[in-house]
Amino acid sequence: MRNISLIFKKVWKSAFVFASLSFLIVTVTQAQDVVEGRTLFKDKCASCHALDHDITGPALTAKVNELDEAFLIPWIKNNVALIASGNKQAIEASKFSPSEMKTFPTLTDDQIKSIIAYAKVGEPKKVAEAGAAVKDEGTSSLSIVGIIAIIILSIIVLVVLGRAVKMLERLILQKQGIAIVEEEGVSLATGVRRLFKNKKFVAFFVLCLIIVLGSFGWMGMWETGVHTGYQPVQPIKFSHELHAGINQIDCQYCHSGAFKSKNSTIPSLNVCMNCHKNVQARTEDGQISPEIQKIYNALGYDADKQTYDKAKEKPIEWVRVHNLPDFAYFNHSQHVVVGEAAIRKEKGIDPKDPVCFACHGPVNTMEEIYQYSPLTMKWCINCHKDADISGKKNDAFYANIIAAHEKIKKGEKITPAMLGGLECGKCHY
Amino acid sequence: MESNKKYWKGLEELKNTPAFVENNKNEFAEPLPIEDVLSEAGLSTVTPRRDFLKALGFGLGAVTLAACQTTPVHKSIPYLIRPEEVVPGIPNYYVSTFKGQSVLVKTVVGRPIKIEVNPNAGIFSTGTDAQAQASVLDLYDVSKLKAPLLKKAETTWSKLDEFVKGELNKAQASGKKIRIVSSSLNSPSAKAVVADFAVKYPTTKHVQYDAVSYTGIIKANENSFGKAVLPKYNFDKADLIVSFAADFLGTWISGEEFTAQYVSNRNHKSLEKGKMSRHFQFETGMSLTGTNADSRIPIKLSEEGPALITLYNAITGSNLAGGTLGNNTNADKALKLVAKELLQNKGKSLVVSGSNDVSTQTLVNAINVAIGSYGTTIDLDNSNKRYEGNDAEFAELINEMNRGEVAAVFFLNSNPVYDATNSKAFTDALAKVALKVSFSDRVDETSDLCDAVAITPNYLESWGDANTYEGFYSIVQPTINPVFNSRQAEQSLLIWSDGAVQDYYKYVRNNWEATVLPAAGKTWNDVLQSGVVTLTAKPAGAYTFALSLDAVATSIANSSKALAKGNGKDTLELHVYESIPMRDGKHANNAFLQELPDPVSKVTWDNYLAISPKQAEASGYKEFDVVTIKDEKGTSIDLPVLIQPGQAMGTASVALGYGRTKVGKAGNNVGQNAFPFVSFNNGTLKYATVVKLSGTGRTDELAQTQTHYSFEGRNIIREASLKDYLKDPAAGSGNHHKHKVYDLWTTDKYEKLGNDWVMAIDLNACTGCGSCIVACNVENNIPVVGKDEVRRRREMHWLRIDRYYSFNDEKTGENVTEEKEIAHMSNLDNVSVVHQPMLCQHCDHAPCETVCPVLATVHSSDGLNHMAYNRCVGTRYCANNCPYKVRRFNWFNYWNDSRFDNYLNNEFTQLVLNPDVTTRSRGVMEKCSMCIQRIQAGKLTAKMEKRALKDGDIKMACQQACSANAIIFGDKNDPNSEVSKLLRSERTYYVLEEINVQPGIGYMTKIRNIDSETKEVHA
């Protein structure tokens, strides 16, 4: 269900975005440029520039309106060269901040024009609203409840209508003076009673009941303690889709423990602040995004004054999504460093994608993170049984051990299980 | 059978008392209530069908409801700003110093959880003692104060400072004395702080005293050589060691260093070279050192002085008066032999005495000069700075206070109300002092009488330094921020003396940068990393002795006469001593230490009156009878009797350090305080007195771990004499006729292709001190169960040290070999002892594995016996089927049960838990896992670095803590590993190898350096 609802959500969202952008194509000149410009802006400029207010760099909308393209294009391409050439305007512009602007020699003139066009138009308002609307419709359980409610309602309406029709008919008949012959037993209760005297029906009914209850029970028990799809509400609506997907930030940038420790580590807020000191996603009226504001609140950070207040610090209490029981030992580094190649092969992970996807799923498409894998012992063991680790032959640690095994199991692939990866004490101690 | 010696663990086993035989037959320590169930209502009543259905329905409903509970939400809270060096899941290590021992502290996300060995620390790089291992628990002690106290009410530091400074100024104005009372302070910076304080308040004097004092040695050295120091002893350079009641492997001065030195002359490496030192021990009570001696000769306290005079006369040919030993012929013979051998080993021998009497120690100095120990085995030029206390100064302090001359007194790491010889006199005198300030972390006996308690942090929260030996400096650095609102005593003193530098960290650093660091050519950062600075040692000089010994001999003879008042029945000579777990009682609230069995008596959670079996018979007491012990001053305590083989006739021993009343939940009212039996005469504290015993008619069962398990007289200890060993290294090991080995897995061959984790234990190196037990407890989250549960045989220790006694035959001096002869033995004084660490043997044919109905305990491909706790249903079949009795059952959730309130049952103390080891639940079996978390971590490090595992990469917690290096762990598949070599040694045997369980732990035979002459001594 989870996946279906996600797909549903994704489809709707892209449809809305597409629709709004098409709307823009019609209304705004150079609309195609705006779309391209938005993407480029997010990719290249957003870390230092906002449209409507100064951060590291100046507010862009004001600047593009003020300055002409003839200056802007060479400036954006290589501001250092332009300043060196003694361009007065450039020297003036460089005084905005002591930090030097990056050069973008790879951008074409058209691309720069697109960025300028986007900066002039600003963020398409409707897109944001549409996105918000989609979010509210979100959860699948809600829609199911809705559907059930509609069905129940319509049944009630039908029953009521049927009664009303009957009543009217009777009234008509009464008016016409025709005596009403009460039909056999008439009441529903009598019918049901009669039905239950039929032994075959009772047997059939009981059988159905047992099958239904049994299968519900079985499924319920099977799934007890398995939290695939668990997606709790987090204190901050952090989007992995935006960070890992669109912005292509490496997993390790935030989860820096994963490659050296047993914990992947939830990033501390100083990691967030590396970017979010600048990236504030302000709305049109200059309000900092409420989600980013939560980071500032936790740190006691005042964005305007750029100061920290230790007294206001309050850690963020994330809700743990992937939770192994305390008696199971799991080490991230063992899997993503030592076992990377085998896991990639076993789970068919695209070489472009991080190995993390093997267990955490397509994190780069998750608006909010959820548990992708069942994290049951069976799931662990299946991989330990199947994964091929023969690639470790040349690794000094494994050299002797694998050589010893190969003598016995000629031709068969070497799995973690053969090296003791299924033994209780390897994970439970 | 090569060895048919009889060993026994306790007197019940030896005498085969009916109760022991009965208990031994029983499968369980306590009878199961099967009979009750069968005879009473149990099976005879009829359960009506309706009741059955009701119960069934209720059960089903309850289980269903319980299962409906929603999954709890787990919060995950990251750092706001993560410290650069911390990665959650990876431990950090910091060097620090515990009581002069340089150690390494393991911290996990900012909390210290384990003390390990600092490999850079020279003499301290071999191991740590039990106290150091247990010290992490003190940090998480809930009995500590959370804020400073002023007049018994919580206050702030500024108010406290204001009050103390005001009072100090008054004292200053009145010109009265100010006293800082501390136990020996071996921190150079702290001493400098005290000196600075004395500059600001010139009437200040620093009084150092130690509850267990070494003033006698210091004074004797001052008298003999003009050097008021404790010398550095080199036991490693001594081929012959003669100790008069000095427990130098345990509590005497620096047990850990001495153990490492002592063992280096007796362990497998030394034996392979055909070399082993010889050790004679003359002592009253059975000490740890006594159990390790080649020849142990019980002497009364009153015989100690005369014995030394006899020895001196025999060595030098002089004729000092007072050298008569009465009727102790064994001691007489032994002394003659010792004198002969000492003369043969001039310059390679060492005589030490545990006495605190100046005269006795002066005589010992004279003997050591005569045998040329100075410059070789004794080094007076690089002194040991652990103890500098002066008993006379402390006695004078009481007089000064009584005379009203003292206006202010500060207690720093000292608790005289508890451990002063005359607590009442001290308390009365203290009442006359205007300002009483205690630097303590809790309201202890002394702090309770103080105006202000300036609470101090644990050493793991502190900055500081130590100077344990001349030229050997180590650093104390904090591993966690102070948990409570505490402040270091040194910092308080700096603030109160308006010092120029008020931050103690800066003070220590300045001090080092001005003194030690330039001398060593190192920087502050070097020291923070290595932890120690060693300056070039001065050459140890030889010394001559010029004093006349006549006065000394007279003094010794007088003291011994005063002690020799025992009548052999109810009046006995009482020896009060430091026990290994409790030492001087400063850590009495440490549950790990309280539950650490005494290495000899195996008693936990109590002190007791130890008397010899013959003495018990003569006095008419049975084991566990509570007796009143009363001395001439009228002090009396009631303690249960423990029958201790090897205790000298006419004497009794009681351990110090118990009977604290204000230390905390775990340590309050455990045992009785024996400090009142210490007396002050001739300028030093004396730990011997004469007491009268009287029965109370009560009994109190001591919680002993000793006789909980029986080996049914099997051949599990194997030993040989050095002479036999030199002729045949396999002597006594039983390796000459090996049992035929059958393989249990004939069809499906079980091969260990990767690693094969095994262990070798050198019985000749193990001294039995027990620091491995505490290390194991801390590493593996092993719960403390308390006195009552230990009595029920429910202690949880994964690793225990079995202590076996055997006899020396009175007639031949041979160790008794035939079981029949034991029955005729009467002299239980002459016992030999072997310590054997016993832990899960990780058998290849493990009997536990085959009986587990749920496969909770299974074998791994690397030779370990795994225990999956979450699979275990608690049938306890495995424990029953284990021939080594090393499996432990969790009877309770010790971490969440109000009955175990003195240990883990609170969130603060639970911070000590090792996050890499599961805390076991009630109803689950557990046992030694061979520190599998360490094995896995070591393997992972090698895998990440893409290299093969090296021998020594992985160390067990017990192995690491062992100063004697008696435990060696490694991979048997690597033929060059140390453990492989040791297991191939001729000395190696396996316990119970005849039952073909194929254990993974090999033991190396105990070798005793005895010959016909030493046997003669015991004849």
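Details
- Any hit, the range B:899-908, residues being free of Cβ contacts under 8 Å to residues at least 60 places away in the same chain and closer than 24 Å to residue B:114 by Cα: yes
- Per-region count, the range B:398-426, residues over 20 Å from residue B:185 (Cβ atoms) and of a type in the set (Ser, Thr, Tyr): 2
- Qualifying residue in the range B:228-251 (condition: acidic (Asp, Glu) and buried (at least 23 other Cβ atoms within 10 Å of the Cβ)): yes
- Subset of the range B:409-452 that is outside any helix (DSSP H, G or I) and among the aromatic types (Phe, Trp, Tyr) - its residue that is surrounded by the most Cβ atoms within 10 Å (Cβ to Cβ): B:410
Per-residue answers, yes or no, for (1) touching a Leu at 6+ places or on another chain (Cβ under 8 Å); (2) closer than 27 Å to residue B:289 by Cα:
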position: B:612; (1), (2): yes, yes
position: B:620; (1), (2): no, no
position: B:628; (1), (2): yes, no
position: B:632; (1), (2): no, no
position: B:637; (1), (2): no, no
position: B:644; (1), (2): no, yes
position: B:647; (1), (2): no, yes
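- Residue B:552 vs. criteria among the β-branched types (Val, Ile, Thr) and under 30 Å from residue B:302 (Cβ atoms): yes
- Where helices (runs of 4 or more DSSP H) sit wholly within the range A:251-320, those with at least 3 residues that are within 11 Å of another protein chain (Cβ to nearest Cβ) occupy A:269-276, A:290-299.
- Scope the range B:482-498; condition part of a loop (DSSP other than H, G, I, E, B) and crowded, with 19+ Cβ neighbours inside 10 Å; matching residues: B:486, B:487, B:488, B:497
- A Cβ distance below 6 Å, combined with a sequence gap of six or more or placement on separate chains, defines the contacts here; from the range A:214-234, residues that are within 11 Å of another protein chain (Cβ to nearest Cβ) and in contact (Cβ under 8 Å) with a residue 24 or more places away in the chain reach residues that are of a type in the set (Ser, Thr, Tyr) and in a loop (DSSP other than H, G, I, E, B) in the pairs A:226/A:376.
- Put simply, of B:662, B:602, B:614, B:630 the only residue that is among the charged types (D, E, K, R), touching a Lys or Arg at 6+ places or on another chain (Cβ under 6 Å) and assigned by TED's automatic domain parsing to the domain that holds residue B:569 is B:630.
- Any chance residue B:365 is crowded, with 23+ Cβ neighbours inside 10 Å, of a type outside the set (D, E, K, R) and in a helix (DSSP H, G or I): yes
- Matching option when the condition is at pLDDT 90 or above, of a type in the set (Phe, Trp, Tyr), over 23 Å from residue B:326 (Cα atoms) and not in a helix (DSSP H, G or I), among B:248, B:280: B:248
- Those helices (runs of 4 or more DSSP H) of the range A:357-429 in which 3 or more residues are more than 14 Å from every other protein chain (Cβ to nearest Cβ) occupy A:357-360, A:377-386.
- Just one of the numbered conditions (1) within 14 Å of another protein chain (Cβ to nearest Cβ); (2) in a loop (DSSP other than H, G, I, E, B) is not true of residue A:350: (1).
- Sole exception among (1) farther than 25 Å from residue B:970 by Cβ; (2) within 14 Å of chain A (Cβ to nearest Cβ) for residue B:865, by number: (1)
- Qualifying residues in the range A:321-340 (those that are at the interface with another protein chain (Cβ under 7 Å from one of its Cβ atoms) and under 30 Å from residue A:299 (Cβ atoms)) - the one surrounded by the fewest Cβ atoms within 10 Å (Cβ to Cβ): A:323
- Which listed residue is at pLDDT below 90, more than 27 Å from residue B:597 (Cβ to Cβ) and touching a Lys or Arg at 6+ places or on another chain (Cβ under 8 Å), from B:710, B:733: B:733
- Residue within the range A:363-375 that is assigned by TED's automatic domain parsing to the domain that holds residue A:253, on the phi > 0 side of the Ramachandran plot and not β-branched (Val, Ile, Thr) present: yes
- Where residue B:599 falls short, out of the listed (1) assigned to a helix (DSSP H, G or I); (2) in contact with a Cys (Cβ under 8 Å, 6 or more places away or on another chain): (1)
- Qualifying positions in the range B:144-160 - of a type in the set (S, T, N, Q) and surrounded by 12 or more Cβ atoms within 10 Å (Cβ to Cβ): B:155, B:156
- Residue check, residue B:592 farther than 30 Å from residue B:211 by Cβ, touching a residue at least 60 places away in the same chain (Cβ under 8 Å) and in contact with a helix residue (DSSP H, G or I) (Cβ under 6 Å, 6 or more places away or on another chain): no
- When A:55, A:83 are checked against the criterion of being more than 17 Å from residue A:38 (Cβ to Cβ) and either hydroxyl-bearing (Ser, Thr, Tyr) or touching a helix residue (DSSP H, G or I) at 6+ places or on another chain (Cβ under 7 Å) (or both), A:83 stands alone in meeting it.
- Which numbered condition residue A:353 misses (of (1) of a type in the set (Asp, Glu); (2) surrounded by fewer than 18 Cβ atoms within 10 Å (Cβ to Cβ); (3) touching a strand residue (DSSP E or B) at 6+ places or on another chain (Cβ under 9 Å)): (3)
The values are calculated or read from the model by the stated rules, or taken from the named source; none is laboratory data. Just so it is clear, the model here is predicted, and its values are computed rather than measured. Cβ atoms come from the backbone with ideal geometry, glycine included; neighbour counts cover every protein chain shown.
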